[in-house]
Amino acid sequence: PAATQSVLKLAACIGNQFDLATLAIVYEKSQTETAADLWKALQEGLLLPQSEIYKFFQTTDESQQSIGESYPPSRLPHHSSPIYKFLHDRVQQAAYGLIDQDHKQQTHLKIGQLLLSNTSEQEREEKIFDIVNQLNIGADLITNPSEREQLAGLNLLAGKKAKSATAYQPALQYFNSGLTLLRSDSWESNYDLSLALSIAAVEVEYLTVNLERAKHLSKIVLKQANNFLDQVKVYELQILFYISQNKMNEAIDLGINVLKMLGIAIPTEAQKINTEVERLREELQLEVEEIANLANLPEITDPYQLAAIRILTNASSASYIANPVLWPLIILTTVKLCIKYGHSSWAASAYSWYGALLCGAYLDIDRGYEFGRLSIQLLEKYNAVELTAKVGNMFNVFVRPWKEHIRETNTSLIAAIQSGFENGDIEYAFYGAVHYCNYHFFAGNNLDSVQQIQGKYFEAIAIAKFDFHESFIRIGQQTVANLLGQVANPRYLVGDYIDESTILPNWIENNIVFLVLCAYGAKTMLLYLFKEYTEAVEAGVIGKEYEQAAAGTLYVSEHSFYYSLALLANCNQLDSQQKQQALETVAANQERLRLWAKHASVNYQHQYDLVEAERARVEGNVIWAMEGYDRAITGAMDTGYLQVEALANELAAEFFLDWDKTTIAQAYLTNAYYAYARWGAKAKIEDLEKRYTDLLAPILVESKTSVNPRNILHQTVTSSSTKISEALDLASVIKASQVLSSEIHLEQLLSTLMEVVIENAGAEKCVLMLPKAGKWVIEAQGSIDQVLKPDLAGKGIKDTKNLETKPVLTVLQSIPIEESNTIPISVINAVSNKSQALVFDNATEETTLAADPYIIQQQPKSVLCTPILTQGKLIGILYLENNQCTAAFTSDRLEVLKLLCSQAAISLENAQLYTNLEQAKNQLEDYSYNLEEKVAERTQKLSDTLDDLTATQKKLVESEKMAALGGLVAGVAHEINTPVGTSITAASILADETQGFRQALQNGKLKRSVLQNYLDTVEESSELILSNLERAGELVQSFKQVAVDQAHLDKRTLNVKEYLEEVLISLEPQLKQTSHTLTIEGDETVTIETYPGAISQVITNLVMNSISHGYQPKQNGQLHLQVDRVEEQLMITYHDDGCGIAQEHLGQIFEPFFTTARARGGSGLGLHIVYNIWGGDENSYKADRASDLALIPRK
């Protein structure tokens, strides 16, 4: 019909997809009338409705009233304008072709004018693209100058919106369209609009690398601008463009020239720069006594000084990268202007740079951190979202790591990156992106994940053509690729990302000193890790020359760390004078590293300890070296620096190999091997295998037999290697299994199982299904999500976009799988039927899953579904997804998952048993209320239930006893390890010295000095061995007595106070992990014939009960035992000053399963064990007050 053709023509002008409300406006009819004219096109299938709402606007044959008109407005859905789409682009083109060529512009112009006139000011920005796109097509038909200027303004609005979405090409089209609509004398007739469109166009021309066009427009603005401040806006853009193109020196020169025009002279000669820097440092030190007071400075009012601050700020990064001598002067000048003339939002950026200068160049870390916090405070005060990327980058990269763990910067850096993209600060968005990748690497995260993050940001940087940032990220990419074994020779930066032989000379020639430092830092590390010590030292020496270029960043500390290690490793190649020089350099590096460790031990203490251990090795201080290695290993483990943990173990192994202590060396080397494997450093693993084949033989043989999944229906994943280096770390699996085995409450177990599986299997989503009443139901779901960091307001940028990644869990849902849309039912059924695992590298490409609704809708990538079996019985199913990449679930991960599932099966059965016991106990309590009425019919059932409960209770009590004994063994063994290890080392030294002494005697070369040295060594070693073995003997004696006592309840006569002190020794490992103090007082003469094991177990349970439930974390507690004789009986009184026991609970504390800490994992068995040991005699104990317990053992 003609009406349908008419409305389709207009619809085709709007686009391939359109909504009824917009079409009705341009059709100049109601929505109901417009829908009626579209009906025939719908019937013929030319249009496709995108929802069911269209039916509300269709008329029926019997009545011309639409359904929508017969419904009250409240019955219609929100946003109830239907959306339609042309069946195909060619259908749209055909409809558009119905319009005469001569009338097309007129049609678009009319559509645009109708949309504009029917859109309110509030809605205009939302619909700006629809309006401007139509008007621009018909722009040639607009002859009225005021209407053309109105459209130019609309193009400015549309361009800004497109630019904020980083859609630079569309933004450029809008800005240029706006410029063409202006009158030839627009600089006189409409100066503000001409300037705004020109400045916007210049910026986007730079961003899209249209250099000639950008220069042409810049010249026009500089010529036409009627004041210098407007010209400064162009100069700012030119500086930023030079930086993006890696032309740092040009950016600096332009900034200095513009500052000169603003009346600020910046010297360029090094001597004059240094003089000015010292003057400004002294002035600022005197002027700023209380940094916090700076937040209250008045607003800046001088626009020329504000322009100078903006120019200085934009030139800061260029001077930092290419002219480290000038950089402090730029920063100090900026801060001086802010303090002298007042604050604006740009003061936040100035103080963040000043914080970096104080922390990095002047090592005034506390003051620098205060200025960093001030910058965040001012950012929030001014709500300066346009500066969030700058300030967030500076604070989190240059300031925060000197006081906090670098992992604390993750969320804030991501927010800064996102803000940069959203607000047009692409330069700092990309700075933040590269630093985020590199700090992720420095923090010891898995190298595969680091490479994935690098790839994501590299693509964006390369597309935007930011040369400096691209070169910057390529250094890190090549380093990671080398460690992952993706190059032929991992020692050198030569591969798919960079070639050091060609790129380094170019950077040096162009004075891009920051990149030179980063490259030589990476070279020093790689050469050192792969044992090329001489070359590593050479790289370290060159890198040292450029350290000032990266002041305030981890690039300096990382270079210094590996440079020191390389110097020490290379000492055996040097003569005495060269060795002394190397040690002096190391000492200077260590002095700085010690200062860093003082302020942020979580980042630097383990590095300091490792270098100290190596220095002690070189200087022959064996015991200091041994202790240093262990401190470094422990520190790296505690703070999560996996690469340093691996390296420290490797160096400790080499140290003991030099002393021919092969067994000890093998233990350290095995730990190093596993740590490198967890880090993902395949090249390093292969290097260890070649160097230490014999020492690593046991685990290499083990890997060939253990990492071999069998009986698995494995669709596409294959494994070509059985090396343990390509498997997941066994220690992590054991730790995860221990965590699972420790859970007895079903709800907590399900949450823990989800977290453990997601962490160890590399999954983004995990679903656990359990059988219930003959059907499979979903009992737990977990997924990786981004949530707002809880303590964000206190540590970073206060913005809802500051997120952290963590598992989000839901448990005990009992949702039947048929009612869920979160899993592929066909996969679950297949695993349920065959009890075998299914793995799909890319589920969307599997023909067997083509009909599954979930697969069709969600398009998942890597999918794994595995059964949970116990004794061949299927008790659960785990479903996992990873949508970041294909083939995420390798055979190694599947084998690890099988191990976890084995432990999960045991834990699930135990948890269900415990749940059943609690239910039985609750049933017993319910039955007791109506016992008289139900005694006859329930007697037998209650008796059976009670028997089951009693038997299980005894097992749990016995398990708790043995667990306590196991904890005792582990704790005392840990205590014994240090004195025994020290004694072994001292004995080894003594043996070596004795051999040398004997040989000198036999050869007739015994001198007085040799004899004296030998006697000194004998005396020192003997004292060391004797004191440490005496300590070990005391520990062993105490341990033997307490352990025997705990395992065997035999009577013997003992001195009560002395025995309690022996028990206290066994509890020291647990007490050391707290801030509590345990004292024992009383009659030292009291002896008694009793069961010492009973006393030991009772005291142990009481003390552990206080530690676990009596205090808040980090609270200091006083625990006290008092021994007294009361007539013919002995009274032991135990007291703590913790939260105590509520009065109403005192009568229940000895009942089994009674606990007030069920949510925190309490079992309610601790004091019941005390009750059982004492035989349940109420005359032998009493609970007095809320935190005292008196025990009166019988004779």
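Laboratory data are not the source of any read-out in this text; all were calculated from the coordinates shown. Just so we're clear, the structure is a prediction, and the values are computed from it rather than from any experiment. Cβ atoms come from the backbone with ideal geometry, glycine included; neighbour counts cover every protein chain shown.
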Treat each spin label as a single point 7 Å out from the Cα along the C-beta direction, and report the Glu1061 to Ile264 distance in nm.
7.2
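From the P(r) of segment 470-578, can you give the percent of Cα pairs sitting at distances over 19 Å?
42
For segment 204-336, what is the Kirkwood hydrodynamic radius in Å, using each pair of distinct C-alpha atoms?
16.1
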What is the spin-label model distance, in nm, from Asp658 to Gln43 if the labels are put 7 Å beyond Cα along the C-beta direction?
9.4
Inter-probe distance in nm under a simple model that places probes 7 Å from Cα toward Cβ, at Glu289 and Arg1008
6.6
Quick one: if the Förster radius is 25 Å, what FRET efficiency do Gln169 and Glu845 give, using the C-beta to C-beta distance and rounding to 0.05?
0.15
Please give the peptides 223-232, 317-326 ranked by average Cβ packing (other Cβ atoms within 10 Å per residue), highest first, as a rough proxy for protection.
317-326, 223-232
Can you tell me the FRET efficiency between Glu993 and Gln573 if r is taken as the Cβ-Cβ distance and R0 is 30 Å, rounded to the nearest 0.05?
0.70
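Hey, which of these cross-link pairs are over 22 Å Cα-Cα: Lys523/Lys682; Lys55/Lys85; Lys163/Lys465; Lys161/Lys215; Lys29/Lys55; Lys247/Lys340?
Lys161/Lys215; Lys247/Lys340, as the Cα separations exceed 22 Å there.
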Distance-filtered residues of segment 744-781 - backbone nitrogen under 15 Å, label point 7 angstrom along Glu909 Cα→Cβ:
none
PRE zone check, label point 7 Å out along Cα-to-Cβ of Ala667, amide N under 19 Å, scope segment 1065-1081, hits 1069
Ranking request for peptides 1017-1023, 173-179, 1117-1123: highest mean number of other beta-carbon atoms within 10 Å first, then the rest in descending order.
173-179, 1117-1123, 1017-1023
Compute the FRET efficiency between Ser835 and Arg691 as 1/(1 + (r/R0)^6), taking r as their Cβ-Cβ distance and R0 = 56 Å, and round to the nearest 0.05.
0.80
Total formal charge among the other residues, if their Cβ is under 9 angstrom from that of Gln590, Lys/Arg +1 and Asp/Glu -1:
+1
Tell me, what HN-Hα J-couplings in whole Hz come from the Karplus equation 6.51 cos²θ - 1.76 cosθ + 1.60 at θ = phi - 60° for each residue of segment 370-383, using x for Gly and Pro?
4, 5, x, 5, 4, 4, 5, 4, 6, 4, 6, 4, 8, 6
Restraint check, Lys104/Lys219; Lys104/Lys127; Lys403/Lys1072; Lys765/Lys898; Lys765/Lys1072; Lys223/Lys260, Cα-Cα greater than 28 Å:
Lys104/Lys219; Lys765/Lys1072
If you count, for each residue, the other Cβ atoms within 10 Å and average over each peptide, how do 621-629, 135-143, 501-509 line up from highest to lowest?
621-629, 135-143, 501-509
